[in-house]
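Engineer: Here it is, the structure in full.
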Amino acid sequence: VQLQASGGGFVQAGGSLRLSCAVSGSNDNLNAMAWYRRPPGKQRELVASITPGGTTNTVDSLKGRFTISRDDAESTIYLTMNSLKREDTAVYYCAAFYGLGSEFEYWGQGTLVTVSS
């Protein structure tokens, strides 16, 4: 399984970006996919997740601004980010979790989002 994240860049506060994560490999035993981020000097944190059945979960602090979605035909998941704030500046990673207990993890390389004021 390989994940390729893209779509990061510079954006002014209040702007929008859409990140993409192309997934190659088997979907057998796929439990969920997710976006994480690592702000400068901080630990990695969960942003949102989506199951093969389409159930989504976004962390409370980002609800209303961030939306996770998927395109099965393109084997791609997206993170649409609106009303961006400086504190959204981070390296964003996509991840895929396999197995009943999500014990197998695969990560993309990360894409940098920089929000300027």
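Engineer: Just to verify a result, which residue in region 63-117, among those that are of a type in the set (A, V, I, L, M) and over 12 Å from the mean Cα position of the chain (by Cα), is farthest from A48 (Cα to Cα)?
Structural biologist: A73
Engineer: Let me ask something additional. Show the residue pairs meeting these rules: Cβ distance below 8 Å; 6+ apart or different chains; first residue within region 36-51 and within 16 Å of K85 (Cα to Cα); second residue open to solvent by less than 40 Å² (accessible area, probe 1.4 Å) and among the polar types (S, T, N, Q).
Structural biologist: Here the result reads P39/T89; P40/T89; V47/T58, each pair linking region 36-51 to a residue that is open to solvent by less than 40 Å² (accessible area, probe 1.4 Å) and among the polar types (S, T, N, Q).
Engineer: Determine whether region 63-73 contains at least one residue that is surrounded by fewer than 12 Cβ atoms within 10 Å (Cβ to Cβ) and at pLDDT 95 or above.
Structural biologist: Yes: region 63-73 contains one or more residues that are surrounded by fewer than 12 Cβ atoms within 10 Å (Cβ to Cβ) and at pLDDT 95 or above.
Engineer: Looking only at region 83-91, decide whether some residue is small (G, A, S) and in contact (Cβ under 8 Å) with a residue 60 or more places away in the chain.
Structural biologist: Scanning region 83-91, I find at least one residue that is small (G, A, S) and in contact (Cβ under 8 Å) with a residue 60 or more places away in the chain, so the answer is yes.
Engineer: Against the conditions (1) open to solvent by 30 Å² or more (accessible area, probe 1.4 Å); (2) modelled with pLDDT of 95 or more, where does V115 fall short? Just the number, please.
Structural biologist: Against the list (1) open to solvent by 30 Å² or more (accessible area, probe 1.4 Å); (2) modelled with pLDDT of 95 or more, V115 comes up short only on (1).
Engineer: Can you tell me which residue within region 6-60, out of those that are of a type in the set (D, E, K, R) and exposed (fewer than 12 other Cβ atoms within 10 Å of the Cβ), is nearest to D72 (Cα to Cα)?
Structural biologist: Of everything passing the filter in region 6-60, D28 is nearest to D72 (Cα to Cα).
The values are calculated or read from the model by the stated rules, or taken from the named source; none is laboratory data. Because the structure is a prediction, the values reported are computed rather than measured. All Cβ positions, glycine included, derive from the backbone under ideal geometry; neighbour counts span all protein chains shown. These area figures cover heavy atoms from the full protein model, side chains too; ligands, DNA and RNA do not enter into them. Shrake-Rupley method; radii C 1.70, N 1.55, O 1.52, S 1.80 Å.
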